[in-house]
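Heads up, the thing below is written out as structure tokens.
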Amino acid sequence: MADEELEALRQQRLAELQAKHGDPSSDASQQEAKQREAEIRNTILAQVLDQAARARLSNLALVKPDKAKAVENYLIQMARFGQLAGKVSEQGLIEILEKVSQQTEKKTTVKFNRRKVLDSDEEDDY
């Protein structure tokens, strides 16, 4: 009975250490999965975009990677649902960029944090 409990504790501790430090085999499989996903994304985008639009999207990815990722996701979703008729031109990509920009537009607000002066008349000096 004690040997079984000891072995169970060892296995539990080993699992904790692997989770904490990262299991090398799971890291390799995760990286391989990410690479396959990137290849699939690139294949779909190559089928959907013409060369000029693809160049514009890659330039956008250099400057604003999050916006480029949002546009890529939008294009892939449209392609999967069959909403794209033919390849998207550069002008079509510009229109999609404007739509995504309007959706993700951030409003800036200015908030004044007024602090009381140290020598206030309201305080009593002791």
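Evaluate the distance, in nm, between pseudo-label points positioned 7 Å from the Cα of GLU105 and of ILE44 along their respective Cα→Cβ axes. So the label points at GLU105 and ILE44 sit 2.8 nm apart.
So how much slack lies between GLU4 and ASN73, counting 0.36 nm per residue of separation and subtracting their Cα-Cα distance, in nm?
So the extension gain works out to 19.8 nm.
Packing-based ranking of 93-102, 8-17, 67-76 yields 67-76, 93-102, 8-17, ordered from highest to lowest mean Cβ neighbour count within 10 Å. Spacing of the modelled spin labels on LYS87 and VAL63, each 7 Å from Cα toward Cβ, amounts to 2.3 nm.
Look at the Cα gyration tensor of the chain: its axes a ≥ b ≥ c give a/c of at least 1.5 with a/b at or below b/c, and that counts as oblate. Could you please report the charge total around LYS87, scoring K, R as +1 and D, E as -1 over all other residues with beta-carbon less than 11 angstrom from its beta-carbon? It works out to a net charge of -1. Helix content alone sets the calculated 222 nm mean residue ellipticity of the chain: runs of n ≥ 4 DSSP H residues at -39500 (n - 2.57) each, divided across all residues, give -23500 deg cm²/dmol.
With r as the distance between the Cβ atoms of GLU32 and GLN12 and R0 = 30 Å, compute the FRET efficiency 1/(1 + (r/R0)^6) and round to 0.05.
0.60
Computed from the coordinates by the stated procedures, all read-outs in this text should not be read as laboratory data. As the structure is a computational prediction, the values presented were derived from the model and not from experiment. Every residue, glycine among them, receives a Cβ derived from its backbone with ideal geometry; neighbour counts consider all protein chains shown.
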